[in-house]
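Bear in mind these aren't lab numbers, they're just calculated from the coordinates by the rules spelled out. The shown structure was predicted, so the numbers you read here are calculated from the model rather than taken from an experiment. Here the Cβ is made from the backbone with ideal geometry for all residues, glycine too, and neighbour counts use every protein chain on show.
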Amino acid sequence: MENAKDFVIRGNVYHTPHLGAAEAKEYAYIVCIDGKCRGIFEELPKEYRELPKKDYKDALIVPGMVDLHLHAPQFAFRGTGMDSELLTWLKERTFPEEEKYADPDYARLAYGMFALRMRRSATTRAVIFATVHKEATIILMELMESTGLISYVGKVNMDRDAPPALQEKTALISTYDTIDWIDDIRNHHHFKRTYPIITPRFIPCCSNTLLDYLGEVRRLYDLPVQSHLSENPEEMKLVASLMPDAAFYGDGYDRYGLFGGEARTIMAHCIYSPEDEVERMRERGVWIAHCPNSNMNLASGIAPVRRYLDKKMRIGLGSDVAGGQTVSIFRAVTDAVQVSKLYWRYLDHEAEPLTFAEAFYLATRGGGSFFGNVGSFEEGYDFDAVVIDDTWSLHPQPMSVSERVERAFYLGLDRKGLVAKYAAGAKLSLEGDDDE
Ligand SMILES: [Zn+2]
């Protein structure tokens, strides 16, 4: 990671400062001062002419991708076990793998592979689930810190309906483990780019007492929250039976202070949220992590993203590895467009499909807002950028910058084409060999 935070880069720039409104500039400069963007310039203003310059020539420059939802321990089994729905998949695939992270050596090996893939992806910001294990979660945080990405990582809490090896013995033990984990980070680690987040897995695995205690811990340490919401019809029935007095699924988090407001909160999926749940999310400013790839793989359904955008709700994209088979947010963008078309065709003719620029916005400025001013090259935004060389990918006709960006996303050029990545003004290393 290079630390010179005052510099200029040049290339073909594309970003979406507003929903649905892309701005594309051929061969323009972007100025970074102290890790923040000073804007995009066709001519470099005088005061910046002495700064170090990196010319990426005919490559594409876009804001770094933001992954609002993924599970690091599930990376190990990505692309397998895709023939079941959520609850079976959790029991048969996910929990047996997550049990292995009780062993720090296994965690180091598996999380090392995950961190390498994240390093070599177009993602600059991520919000990550670990497992219930404190030590393995710290190992994951150390590895994420070394990638230079800026991330939130959560030790998972679950005190019911899990295999004995994963189920924390009582709500109190789960809570004390969480406090130990946070104190350990505060007292013994000096993470600059990796932060803790309160992570009740989801209501089926968390007793009311545990949710109550976690709400207290959250307040005490002033931390954000992540969990899952209204992903699958069977899951929703289960929640209704476990918490019969909750008005709706999200109310089960809200009554314990784990649903937006002072608690900055991400809820993954929100496919079947009833009207009152949507309204509560809107009021409380909950971020929705839309994970179309996972939703297809686990046959969960399609989230009504257009409806959320019309209501001006906070929404970003998640890979949801390993419900999603890839950490690629390029893929999440094109999946979001594609599922929105099926939603429009099959479910609701009023819900206009997403445009590419809208899905791009979700992956950058939409999800980026969870981190602050992130996801755009507007003045004052954190300088997060990825540089994609697509010039080797053949086409006989001329193409605009916008067309080239769209094509790079659809063709998955974030793998072979990624040539540089910056997060908050630091140039990150792409070193390391992986097979993807
Ligand atoms: Zn998930």
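Taking a point 7 angstrom from the Cα of D245 along the C-beta vector, which residues in the stretch 170-213 have backbone N less than 12 Å away?
Label zone hits: 208-209.
Ranking H189, H269, H349 by Cβ neighbours within 10 Å, fewest first, what do you get?
On the way: H189 13, H269 28, H349 9.
Taking fewest neighbouring Cβ atoms as first place, the list is H349, H189, H269.
If you find the alpha carbon centre of the stretch 219-298 and of the stretch 357-430, how far apart are they in angstrom?
For the stretch 219-298 versus the stretch 357-430, the Cα centre distance is 29 Å.
When you count, for each residue, the other Cβ atoms within 10 Å and take the mean per peptide, how do 247-254, 337-344 rank with the highest first?
Working: 247-254: 23.2, 337-344: 18.9.
Output ranking for 247-254, 337-344: 247-254, 337-344.
Past the 28 Å Cα-Cα mark, which pairs from K36/K311; K91/K312; K169/K192; K100/K416; K91/K237; K36/K312?
K36/K311; K91/K312; K169/K192; K100/K416
Order 238-246, 33-41, 225-233, 50-58 from most to least packed using the mean count of other Cβ atoms within 10 Å.
Packing order, densest peptide first, comes out as 225-233, 33-41, 238-246, 50-58.
Report, for the chain, the % of DSSP beta bridges that are antiparallel, rounded to 5.
Working: 27 of 61 bridges.
Within the chain, antiparallel bridges account for around 45 percent of the total.
Tell me, in nm to one decimal, what length is gained between R219 and D58 on full extension, where the rule is 0.36 nm per residue of separation less the Cα-Cα distance?
Contour length minus the Cα-Cα distance gives 53.1 nm.
What order do you get for H290, H15 when you list them from fewest to most C-beta neighbours inside 10 Å?
The fewest-first ordering by Cβ neighbours comes to H15, H290.
So in the stretch 231-365, what percent of DSSP beta bridges are antiparallel if you round to the nearest 5?
Antiparallel bridges make up about 10 percent of those DSSP assigns within the stretch 231-365.
How far apart, in nm, are two points set 7 Å out from the Cα along the Cα-to-Cβ line at A102 and at A165?
0.6
Hey, can you rank 17-25, 92-100, 396-404 by average C-beta count inside 10 Å, highest first?
92-100, 17-25, 396-404
Kindly list the residues of the stretch 198-216 that lie in the label zone of D183, defined by a backbone N under 19 Å from the point 7 Å along the Cα-to-C-beta vector.
198-199, 213-216
For E352, which sequence-distant residues (separation of 5 or more, or a different chain) have an amide H within less than 5 Å of its own amide H, given hydrogens modelled in the peptide plane?
For E352, whose amide H was placed from the backbone, there are no distant partners under 5 Å.
Restricting to DSSP H runs of at least four residues, report the calculated mean residue ellipticity at 222 nm for the chain, -39500 (n - 2.57) per run over all residues, nearest 500 deg cm²/dmol.
Computed mean residue ellipticity for the chain: -9500 deg cm²/dmol.
Give the dimensionless ratio obtained when the Cα radius of gyration of the stretch 1-149 is divided by 2.2 N^0.38 Å.
1.37
Under a GNM of the chain (C-alpha, springs under 10 Å), which listed residue has the highest mean-square fluctuation: D222, D414, D67?
Between D222, D414, D67, it is D222 that shows the largest mean-square fluctuation.
What three numbers, in Å, describe the spread of the alpha carbons of the chain along their principal axes, ordered from the longest?
Extents along the principal axes: 62, 54, 38 Å.
Just grab the label-to-label distance for L394 and E43, each label 7 Å out from Cα along the Cβ direction, in nm (one decimal).
Here the modelled spin labels are 4.1 nm apart.
Most fluctuating residue of S294, S273, S393 in a GNM of the chain with Cα springs under 10 Å: which is it?
Maximum among the listed residues: S393.
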